[in-house]
Amino acid sequence: MRFDDLDKRLRQYETAYDFCVPQENFIVVRLDGRGFTRLTKEIWQFEAPFDIRFRDLMAHTVRHLMQCGFNVAYGYSESDEISLLLRRDDDTFKRKTRKIISVLAGEASAAFSVAHGQPAAFDARVCVLPNEKLVVDYFRWRHEDAHRNALNAHCYWMLRKKGESVSRATDAVSGLTRAQKHDLLFENGINFNELPAWQKRGFGVYFQTTLKEGFNPQTGETVQVERPILQTDFELPLGDDYGAFVLERIGLEVV
């Protein structure tokens, strides 16, 4: 059978389930480290519950994803997950979800593995959001998830380091209210409110326009030019202020 005939007959099976995100919708891609809970504690042996070395590997990975060919307006990370907000007009791969997912998961896996020196993998999913309010709600949801997870993790690992078993520490934390968790930590010398912001609410990566000195070869003059610079923010605001911060990222124009 001729190649052209084979190609026409079989290509339909490869593309039958392609989904393209409709224009005017926002695309958020969430990536998660595959098996990172076990890897970080048993294989890579990072400090629990938080290790600045792991944070910096995740920050490196987010920065790579912000510059790997997609028009990303905002990147957010907490624990072993990354959320990327694509610009509303991004048309990379004609907005095909299978291409977006596979490429970003591959890029994240490669960037983290090379930086860490050990193999690691990320999976990815696409979240389609039709308006700005849902985008803000999405990032506030992940923001709150980071806070909840951090509080639980500090309580759990404080108990584990005091000699409690996995099951006893898990049961002890699961039965407490948020206020009781704060009290438990405080009674053991940890003021949760004074812990680093990145532990409690993750961190953001975004482009910020700055002025840089340039040279105009036509006039021979030194000029000031605007350049987008990638910023990593480990001190994200809270509550409504964070919502306003995300809205600013949505409207940011990057050239």
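The values are calculated or read from the model by the stated rules, or taken from the named source; none is laboratory data. Bear in mind the structure is a predicted one, so any value in this text is a computation, not a measurement. When we count neighbours, we look across all protein chains shown, and the Cβ atoms used for this are built from the backbone with ideal geometry, even at glycine. Side chains are part of the model used for accessible areas, which takes the heavy atoms of the whole protein and leaves out ligands, DNA and RNA. Shrake-Rupley method; radii C 1.70, N 1.55, O 1.52, S 1.80 Å.
Quick look at the numbers
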| read-out | value |
| --- | --- |
| Under 28 Å from K133, Cα to Cα: lysines that are on another chain or at least 8 residues apart | K94, K96, K99, K200 |
| Gain in span if fully extended, D145 to K212, counting 0.36 nm per residue against the direct Cα distance | 20.4 nm |
| Förster radius 30 Å - calculated FRET efficiency between S174 and E47 (Cβ-Cβ, nearest 0.05) | 0.80 |
| For the range 104-248: span of alpha carbons on each principal axis (Å, largest first) | 72, 38, 36 |
| Whole-Hz ³J(HN,Hα) from phi, Karplus 6.51 cos²θ - 1.76 cosθ + 1.60, for the range 133-147, glycine and proline x | 4, 5, 4, 4, 4, 4, 6, 5, 4, 5, 4, 5, 4, 4, 5 |
| Amide H contacts under 5 Å for V72, placed H, 5+ residues apart | R87 |
| Net charge of neighbours whose Cβ lies under 11 Å from the Cβ of K212, counting Lys and Arg as +1 and Asp and Glu as -1 | -1 |
| 11 Å beta-carbon shell around S102, net charge (K/R +1, D/E -1) | +1 |
| Helix-only [θ]222 nm of the chain, DSSP H runs n ≥ 4, -39500 (n - 2.57) each, per residue, nearest 500 | -14500 deg cm²/dmol |
| Isotropically averaged projected area of the range 1-146, using the convex hull of Cα atoms (one quarter of hull area), nm² | 10.8 |
| Proximal charge balance of V173 [Cβ under 15 Å; K/R count +1, D/E count -1] | +3 |
| The range 98-255, relative contact order [Cα under 8 Å, separation at least 6], % | 19 |
| Simple label model, 7 Å out from Cα along Cβ direction - K99 to S113, nm | 2.3 |
| In order through the range 10-21: 3J(HN,Hα) via Karplus (6.51 cos²θ - 1.76 cosθ + 1.60), integer Hz, x for Gly, Pro | 9, 4, 4, 6, 6, 10, 4, 10, 4, 10, 10, 5 |
| Mean separation of Cα contacts under 8 Å (6+ apart) over length of the range 181-247, as relative contact order % | 30 |
| Option label - semi-axes √(5λ) of the Cα gyration tensor in Å computed here, alternatives (i) 26, 21, 17; (ii) 37, 27, 19; (iii) 32, 21, 17 | (ii) |
| Alpha-carbon centroids, the range 200-253 and the range 50-82: separation in whole Å | 16 |
| The chain - accessible surface per residue (Å², probe 1.4 Å) | 56 |
| Carbon plus sulfur fraction of accessible area for the chain, probe 1.4 Å, in percent | 50 |
| Protection proxy ranking, peptides 195-207, 59-71, 43-55, average beta carbon neighbours within 10 Å, highest first | 195-207, 59-71, 43-55 |
